[in-house]
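The values are calculated or read from the model by the stated rules, or taken from the named source; none is laboratory data. Small disclaimer: the values here were computed from a predicted structure and weren't measured. For neighbour counting, all protein chains shown are included, and Cβ atoms are generated from backbone atoms with ideal geometry for every residue, glycine included. With ligands, DNA and RNA removed, areas are computed over all heavy atoms of the protein, side chains included. Shrake-Rupley method; radii C 1.70, N 1.55, O 1.52, S 1.80 Å.
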Amino acid sequence: MLTILTLYISAPSFNELKKRVEGRDGFISEERINRIKLEEAYKEYADVVLVNDNLDTFLKEAKKVIHDFI
């Protein structure tokens, strides 16, 4: 039997995500904003939602969730 763990990795807020994308790409298009909003609607279907607020904390939490799953 195949067992799958689904993770949704989220920024702490929409504004923070927008800031990160703009910082990485230099801009954020209306199309990208709409896609972010669409993707956000699917997080309720994930087994686990992890917030990437602090990289070290996020990595520890992600490793624990994956370790506990396997």
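General remarks:
- Residues that are open to solvent by 80 Å² or more (accessible area, probe 1.4 Å) and among the β-branched types (Val, Ile, Thr), drawn from region 41-70: ILE70
- When PRO12 is tested against the conditions (1) without any contact (Cβ under 8 Å) to a residue 12 or more places away in the chain; (2) on the phi < 0 side of the Ramachandran plot; (3) not hydroxyl-bearing (Ser, Thr, Tyr), the lone failure is (1).
- Options LEU7, LEU50; residue that is touching a helix residue (DSSP H, G or I) at 6+ places or on another chain (Cβ under 6 Å) and either of a type in the set (Ser, Thr, Tyr) or in contact (Cβ under 8 Å) with a residue 24 or more places away in the chain (or both): LEU50
- Within the option set ARG20, ARG35, being within 14 Å of ASP53 (Cβ to Cβ) and among the basic types (Lys, Arg) holds for one residue only, ARG20.
- Note on region 4-28: residues that are aliphatic (A, V, I, L, M) and open to solvent by 50 Å² or more (accessible area, probe 1.4 Å) total 3.
- Scanning region 9-46 for residues that are touching a strand residue (DSSP E or B) at 6+ places or on another chain (Cβ under 9 Å) and of a type outside the set (Phe, Trp, Tyr) returns ILE9, SER10, ALA11, PRO12, LEU17, GLU39, GLU40, LYS43, GLU44, ALA46.
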